[in-house]
1. How tilted is helix 109-119 with respect to the longest principal axis of the chain? Cα atoms for both, answer in degrees (0 to 90, nearest 10).
2. Angle between the Cα long axis of helix 48-59 and the longest principal axis of the chain, 0 to 90 degrees, nearest 10?
3. Give the total of Lys-Lys pairs in the chain with Cα-Cα distances below 20 Å; include a pair only if its members are 8 or more places apart or on different chains.
4. For LEU97, what residues show an amide H to amide H distance below 5 Å, using hydrogens built from the backbone and excluding near sequence neighbours?
5. Report for the chain the percent antiparallel among DSSP-assigned beta bridges with both residues inside it, nearest 5.
6. Output ³J(HN,Hα) for the range 72-81: one whole-Hz value per residue in order, computed from phi by the Karplus curve 6.51 cos²θ - 1.76 cosθ + 1.60 with θ = phi - 60°, and x for Gly and Pro.
7. Can you give the calculated 222 nm mean residue ellipticity of the chain, where each DSSP H run of n ≥ 4 adds -39,500 (n - 2.57) and the sum is split over every residue, rounded to the nearest 500 deg cm²/dmol?
8. Which loop-located GluC sites (Glu not before Pro) does the range 1-105 contain, where loop means any DSSP state but H, G, I, E or B and the Cβ has at most 16 other Cβ atoms within 10 Å?
Amino acid sequence: MRYQFPYMEQGSKRPDAPKLAQATVRAAVIEASRLVPELALFAGGKSFGGRMTSQAQAALPLPGVRGLVFLGFPLHPTGRPSDERGNHLFEVKVPMLFLQGTRDALADTQILQALTQELGTRATLKLFLDADHSFHVLARTGRQDAEVRGGMLDTLAAWIETVV
């Protein structure tokens, strides 16, 4: 199920405050549970959406969520490598899958690898060579964005099978 944060619905470029964004995530999870109660539920998102989902889960576990999936987790602002935005992940008790490009300016690969290693078995990191934050690869690599997206879907499907 896809949903939009209020700021996106309003056409604003400024993200919602974390409290509102996390409430939006929680409402989406509850609605997904209501619509398809027979399915295993996984939550997550792209960039800000993934971080708000993990913060919501860390604050109060999302009902019925079996795992979290992050597409380009924004670990730090561009040009300011740090792992501080990942501190809350230690409060998350469900399995987490990080799908990350090696050219992502919002997540230094070495810092993210160290963080996921420290999180232990509940964290799985899959790096996509030469992909940026939007999972775009440069033409000179000889690969296409669709190839990266296909690899991401394959990784996600296999990971969900191991969790379920």
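1. Helix 109-119 sits roughly 40 degrees off the main axis of the chain.
2. It is inclined by approximately 50 degrees.
3. Numbers: LYS13/LYS46; LYS19/LYS46; LYS46/LYS126; LYS93/LYS126.
Close lysine pairs found across the chain: 4.
4. Those qualifying (amide H under 5 Å, at least 5 residues apart or on another chain) are LEU68, VAL69, PHE70, THR124.
5. Details: 1 of 17 bridges.
Just about 5 percent of them are antiparallel.
6. The phi angles translate into x, 5, x, 6, 7, x, 4, x, 10, x Hz.
7. Working: 5 runs with 64 residues, N = 164.
The per-residue figure over the chain is -12500 deg cm²/dmol.
8. Values: sites: GLU9, GLU31, GLU38, GLU84, GLU91; in loops: GLU38.
Qualifying residues, ordered by number: GLU38.
Where a number appears in this text, it was derived from the coordinates with a stated rule and is not lab data. Please read all numbers here as calculations on a predicted model, not as lab measurements. Please note: Cβ atoms are built from the backbone with ideal geometry, for glycine as well, and neighbour counts cover all protein chains shown.
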